[in-house]
Amino acid sequence: MPVSNFTQDELDEIYAFAVDLGRKAGDMLMERVEQRISGGEQKFEEKDSSVDIVTQTDEDVEVFIRSAIQSKYPEHKFLGEETYAKGQSRDYLITEQPTWCIDPLDGTVNYTHIFPMFCVSIGFIVQHRPIIGVIYAPFQDQLFSACPGRGAWLNEKRQLPLIRNPIPPMPANAPSQCIFSCEWGKDRRDIPDGNMHRKIESFMNMAAELGSRDGKGGMVHGMRSLGSATLDLAYTAMGSFDIWWEGGCWEWDVAAGIAILLEAGGLVTTANPPENPDTAPIQDLSLGSRLYLAVRPAGPSETETGRESQERTVREVWRRVRHLSYNRPGA
Ligand code: IPD
Ligand code: CA
């Protein structure tokens, strides 16, 4: 993919800086966990609801990352989850300018419960497209990273997707035989036909036996929720998850994960089914939409290209999921 205005050397330098920063920030997360394990206290505050929480660690790690980026690349823009949360606007603030979009701690609920699926997530975006991504989950010592022209990697030694000689096509009868990743999210309003009810109906459709639910039963192999959107995407880039469907998260929850998934050969489009899912064009990623559907990297079969098998999977998911609605001015 040509990346305007950046040479490969410049991208490589930004990439190396981001990897180093991700490791240092992840080590900070882990130090605080160690302190808690040895008896330290963990306090958190509620933001929009009792499931939308922030710890001192989120704040401290964001300050650390922001100052490192601003001193190395003062010409780049910066957007971080906690900085954004303190501002007034809920608009999509990313512009055409090169922008760092970071989540100091994705999976904050996991972190407060010491459920290991938490990480730091650092994305670098050019013209609204995440191109460099670094995700470091320190409890498992898993570092996911990607840069244009350099591929996507786990711990800088295993290229993604993990199975690649050859990369398997999507199953002929997808979503059957797929692992479907999804999240309950933070919108817990118990409104009939609201987002939470629609998500659950969609989950039921994907899970139920074939032929059930007016033909919508997809009988996926399994459903998984890691509690971290960016790790869901990293696992999709690995090929461990086949499909990720989610509404309600924000650009910092997905920027690094999308960069890694795209570089690995995955597809990202909108979670919301168009009126005619069988024929509508597959829309390109809209970063600020808060609605995402991702499909893992796929290779060709005798009858389809990898991309064709991904698009077929997108349409099969769209046939089974409900339309979600997350307000955002200007998106
Ligand atoms: C959340 C996680 C979760 C997703 C939420 C996000 P946080 O981020 O990524 O998986 O469902 O929408 O807000 O609060 O842990 O940084
Ligand atoms: Ca997050």
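Stretching the chain fully between residue 23 and residue 307 yields a gain of 98.9 nm (0.36 nm per residue, less the alpha carbon separation). Shape of segment 8-159 from its Cα gyration tensor (a ≥ b ≥ c, root eigenvalues): rounded if a/c is under 1.5, otherwise prolate when a/b > b/c, or oblate? The shape class here is oblate. Of 172, 234, 146, the residue with the greatest mean-square motion in the GNM of the chain, using alpha carbon springs below 10 Å, is 172. Can you tell me what percent of all Cα-Cα pairs in segment 179-318 are more than 20 Å apart? Value for segment 179-318: 45 percent of Cα pairs lie more than 20 Å apart. Overall dimensions of the chain, expressed as equivalent-ellipsoid semi-axes from the Cα gyration tensor (√(5λ), whole Å, largest first), are 30, 24, 19. Highest mobility in the GNM of the chain, judged by mean-square fluctuation with C-alpha springs under 10 Å and restricted to 114, 14, 37, is found for 37.
On alpha carbon coordinates alone, what is the Rg over Rh value for segment 13-56, Rh being the Kirkwood radius? Result for segment 13-56 is an Rg/Rh of 1.15. When the chain is treated as a GNM with alpha-carbon contacts under 10 Å, the residue of 294, 18, 85 showing the greatest mean-square fluctuation is 85. When you filter the trypsin sites (Lys or Arg not before Pro) in segment 40-149 for DSSP loop state and at most 10 other Cβ atoms inside 10 Å of their Cβ, you are left with 43.
With the simple model of a label 7 Å out from the Cα in the direction of the Cβ, residue 70 to residue 45 spans 1.9 nm. Here segment 110-124 is scanned for amide nitrogen atoms under 15 Å from the site 7 Å beyond the Cα of residue 35 along Cα-to-Cβ, giving 112.
Computed from Cα atoms alone, the Kirkwood hydrodynamic radius reported for segment 261-300 is 11.1 Å. Of the GluC sites (Glu not before Pro) in segment 8-112, the ones in a loop by DSSP (not H, G, I, E or B) with at most 11 other beta carbons within 10 Å are 41, 75, 96. From the cross-link list 86/186; 43/77; 24/77; 24/157; 186/216, which pairs have alpha carbons spaced over 23 Å apart? Pairs exceeding 23 Å: 43/77; 186/216. Once the chain from residue 157 to residue 56 is taken as fully extended at 0.36 nm per residue, the excess over their C-alpha distance is 33.1 nm.
Where a number appears in this text, it was derived from the coordinates with a stated rule and is not lab data. Bear in mind the structure is a predicted one, so any value in this text is a computation, not a measurement. Glycine gets a Cβ as well: all are built from the backbone with ideal geometry, and neighbour counts include every protein chain shown.
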